[in-house]
Amino acid sequence: MESLEQPDAAAMRAYADELRDMFRQIQDTGKELHAQARAVQITEKSRDGLVSVTVGPRGELVGLDVDPRIYRRPDARHLADTIVETAQRAAARARERITEILESVIPRAELEAHLDGDLETAMTQLAERMEG
């Protein structure tokens with residue numbers, strides 16, 4: 001009669017093999033993927049085309065261009081809202097690009113949980129994969 005621990009041991013071995021393969025893949029492609037991810041820059045234009053925002057891989061603002069025509073309608077609140085909204089769209093595109101680059105070595109759901117700072121979900125997903 002087979003022990004109840006046998007399936008768990010087999011699942012753990014299978015997961016260890018999966019992790020080993022994943023770590024080998026990360027080692028093989030890690031530096032290149034890291035360089036690609038660090039180089040991400042996304043530029044987004046406002047809906048009216050008068051504001052252009054460029055963000056880096058973490059969504060940080062690295063460039064801002066404001067067309068002088070924006071001053072034809074002097075509305076500081078509108079300008080601020082336009083910059084924020086455009087930067088948020090650019091940051092979302094940067095995050096998606098980072099996810100695309102890294103999902104070949106990190107499952108998308110786990111990566112998104114980490115990027116969201118959702119440690120509980122990330123750990124739950126890891127535990128579920130470990131359990132098979």
- request: Just rank D17, D48, fewest to most, by other beta-carbon atoms within 10 angstrom.
  value: D17, D48
message: I'd like the Karplus ³J(HN,Hα) series for the stretch 22-29: coefficients 6.51, -1.76, 1.60, θ = phi - 60°, whole numbers in Hz, and an x wherever there's a Gly or Pro.
response: 5, 5, 5, 5, 4, 4, 5, 10
statement: GNM on the chain, Cα springs under 10 Å; top mean-square fluctuation among D118, D75, D21 goes to D75
Charge dipole magnitude, Cβ of K and R +1, D and E -1 - the stretch 40-88, Cα centre, debye nearest 20: 120
- line: Among the Cα-Cα pairs of the chain, the proportion with separation greater than 22 Å, in percent, is 55
- request: Rounded to the nearest 500, what is the 222 nm mean residue ellipticity of the chain from helices alone, with -39500 (n - 2.57) per DSSP H run of 4+ residues and division by all residues?
  value: -21500 deg cm²/dmol
- prompt: Treating the beta-carbon of each Lys and Arg as +1 and of each Asp and Glu as -1, no other charges, what is the dipole magnitude of the stretch 5-113 about its Cα centre, to the nearest 20 debye?
  reply: 640
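Read-outs throughout are calculated quantities, based only on the coordinates presented, and are distinct from any laboratory measurement. All values reported here derive from a predicted model rather than from experimental measurement. A quick note on method: Cβ atoms are made from the backbone with ideal geometry, for glycine too, and the neighbour counts reach across all protein chains shown.
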